[in-house]
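The block underneath contains the structure these notes are about, expressed in structure tokens.
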Amino acid sequence: MLKFYYSGAPNPMKVALFLEETGLPYEAIPVDTRKGDQHKPEYVAVNPNAKVPSIVDGDAVVFDSTAILLYLAEKTGKFLPPNTPKARGELLSWMMFVASGVGPYSGQSVHFRNFAPEKVPYAINRYAYEAQRHFGILNDRLGKQKYVVGDSYTIVDMNVWGWARLIPNALGEAAWEKFPNVKRLVDEISARPAAARATALKDRHAFKTEMDDEARRSMFRHLHEKVA
Ligand SMILES: N[C@@H](CCC(=O)N[C@@H](CS)C(=O)NCC(=O)O)C(=O)O
């Protein structure tokens with residue numbers, strides 16, 4: 001059975017959503033990143049990047065949420081736009097836009113707002129600005145069409161949902177007012193039974209919630225290793 005290495009964080013949740021939407025059988029294997037499970041040699045053998053999510057499907061090992069969504073969509077033929085060069089071009093462009101922009105800038109914005117030991121106004125503004133810019137691009141697109149690519153719900157919308165549902169963590173409570181079209185998509189997806197099952201997955205395991213020294217040592221390793 002497909003093994004799904006996960007936590008309740010945004011990137012694993014996109015994959016949980018896909019698995020629940022399709023009903024593909026899977027075994028959910030918790031990786032408690034606040035306890036340092038991501039650095040255990042047996043996990044790094046699956047994901048050399050030492051982050052979640054990853055999957056093992058027979059002899060296929062896939063890491064990075066965007067790669068996993070593409071892999072599973074191609075494997076099942078589900079949640080893809082029509083197989084035309086135009087739609088495929090859009091699919092790949094928007095998947096990479098989420099992978100290289102929305103995710104990293106949102107993640108860094110959360111980090112500098114909530115977790116950095118010093119409040120660095122330049123970094124806070126830089127990452128909030130870029131996260132906001134990316135969500136603004138999505139908001140404009142979703143003002144013109146119901147879904148990000150084509151006229152049906154695809155893996156691009158799932159990829160967006162992972163981080164977009166946490167917009168208040170990245171940009172503050174009032175930020176939803178700036179992105180009504182993204183909110184419309186997030187609310188629609190979050191209301192789906194598959195999304196409820198995906199978000200409930202984290203309750204199957206007692207993930208550590210405290211951001212204490214062990215968690216900081218596991219997730220923010222640069223705190224103990226000066227490289228610049
Ligand atoms: N590009 C990767 C990023 C994965 C990632 O940053 N995962 C976070 C959770 S959302 C994680 O594992 N954090 C723990 C750590 O950084 O040690 C993806 O999309 O899967």
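The values are calculated or read from the model by the stated rules, or taken from the named source; none is laboratory data. Values in this document were obtained by computation on a predicted structure and should not be read as measured data. So basically every Cβ, Gly included, is an ideal-geometry build from the backbone, and we count neighbours across all protein chains shown.
Is region 120-135 home to any residue that is of a type in the set (Lys, Arg), more than 16 Å from the ligand (Cβ to nearest atom) and either more than 17 Å from residue 10 (Cβ to Cβ) or modelled with pLDDT of 95 or more (or both)? Give the derivation first.
Applying the first criterion (of a type in the set (Lys, Arg)) to region 120-135 yields 126, 133.
Narrowing further to those that are more than 16 Å from the ligand (Cβ to nearest atom): 126, 133.
Then keep just the ones that are either more than 17 Å from residue 10 (Cβ to Cβ) or modelled with pLDDT of 95 or more (or both); that gives 126, 133.
Yes, because at least one residue in region 120-135 is of a type in the set (Lys, Arg), more than 16 Å from the ligand (Cβ to nearest atom) and either more than 17 Å from residue 10 (Cβ to Cβ) or modelled with pLDDT of 95 or more (or both).
Pairs please, first residue from region 163-187 and in contact (Cβ under 8 Å) with a residue 24 or more places away in the chain, second anywhere and in a loop (DSSP other than H, G, I, E, B), Cβ atoms under 7 Å, 6+ apart in sequence or on different chains.
Correct list of pairs: 167/179; 186/165.
Among the residues of region 79-107, write down those that are free of Cβ contacts under 8 Å to residues at least 60 places away in the same chain and over 26 Å from residue 170 (Cβ atoms).
Listed by number, the residues that qualify are 83, 84, 85, 86, 88, 89.
When the residues of region 1-10 are filtered to those that are assigned to a loop (DSSP other than H, G, I, E, B) and within 12 Å of the ligand (Cβ to nearest atom), which remaining residue is surrounded by the most Cβ atoms within 10 Å (Cβ to Cβ)?
Initially, region 1-10 is screened for residues assigned to a loop (DSSP other than H, G, I, E, B), giving 1, 7-9.
Narrowing further to those that are within 12 Å of the ligand (Cβ to nearest atom): 7-9.
Numbers: 7: 23, 8: 19, 9: 19.
In this case the residue turns out to be 7.
List pairs: first in region 50-70 and of a type in the set (Gly, Ala, Ser), second in a loop (DSSP other than H, G, I, E, B), Cβ under 7 Å, 6+ apart or cross-chain?
Pairs that qualify, where the first residue is of a type in the set (Gly, Ala, Ser) and the partner is in a loop (DSSP other than H, G, I, E, B), are 54/46; 54/47; 65/53.
Given the criteria of a type outside the set (Ser, Thr, Tyr) and under 28 Å from residue 210 (Cβ atoms), does residue 4 qualify? Outline the logic, then answer.
On the way: of a type outside the set (Ser, Thr, Tyr): yes; under 28 Å from residue 210 (Cβ atoms): yes.
Criteria met by residue 4.
Which numbered condition in (1) of a type in the set (D, E, K, R); (2) within 16 Å of the ligand (Cβ to nearest atom); (3) buried (at least 18 other Cβ atoms within 10 Å of the Cβ) is the only one that residue 35 fails?
Only one criterion in (1) of a type in the set (D, E, K, R); (2) within 16 Å of the ligand (Cβ to nearest atom); (3) buried (at least 18 other Cβ atoms within 10 Å of the Cβ) is unmet by residue 35, namely (3).
Take residue 53 and tell me if it is touching a Gly at 6+ places or on another chain (Cβ under 8 Å) and within 15 Å of the ligand (Cβ to nearest atom). Walk me through it before giving the result.
Working: touching a Gly at 6+ places or on another chain (Cβ under 8 Å): no; within 15 Å of the ligand (Cβ to nearest atom): yes.
Spelling it out, it is not the case that residue 53 is touching a Gly at 6+ places or on another chain (Cβ under 8 Å) and within 15 Å of the ligand (Cβ to nearest atom).
For region 130-228, give me every one of the helices (runs of 4 or more DSSP H) that falls completely inside it and has 3 or more residues that are in contact with a strand residue (DSSP E or B) (Cβ under 7 Å, 6 or more places away or on another chain) and hydroxyl-bearing (Ser, Thr, Tyr).
Values: elements: 155-164, 167-171, 180-190, 193-200, 213-219.
By residue number, no helices (runs of 4 or more DSSP H) qualify.
Quickly run through region 108-124 and pick out the residues that are crowded, with 17+ Cβ neighbours inside 10 Å, in contact (Cβ under 8 Å) with a residue 40 or more places away in the chain and either touching a Phe, Trp or Tyr at 6+ places or on another chain (Cβ under 6 Å) or of a type in the set (A, V, I, L, M, F, W, C) (or both).
109, 110
Of the residues 143, 172, only one is away from the ligand (no atom under 13 Å from the Cβ), at pLDDT below 95 and of a type outside the set (D, E, K, R); which?
Numbers: 143 fails: at pLDDT below 95.
None of the other options fit; the residue is 172.
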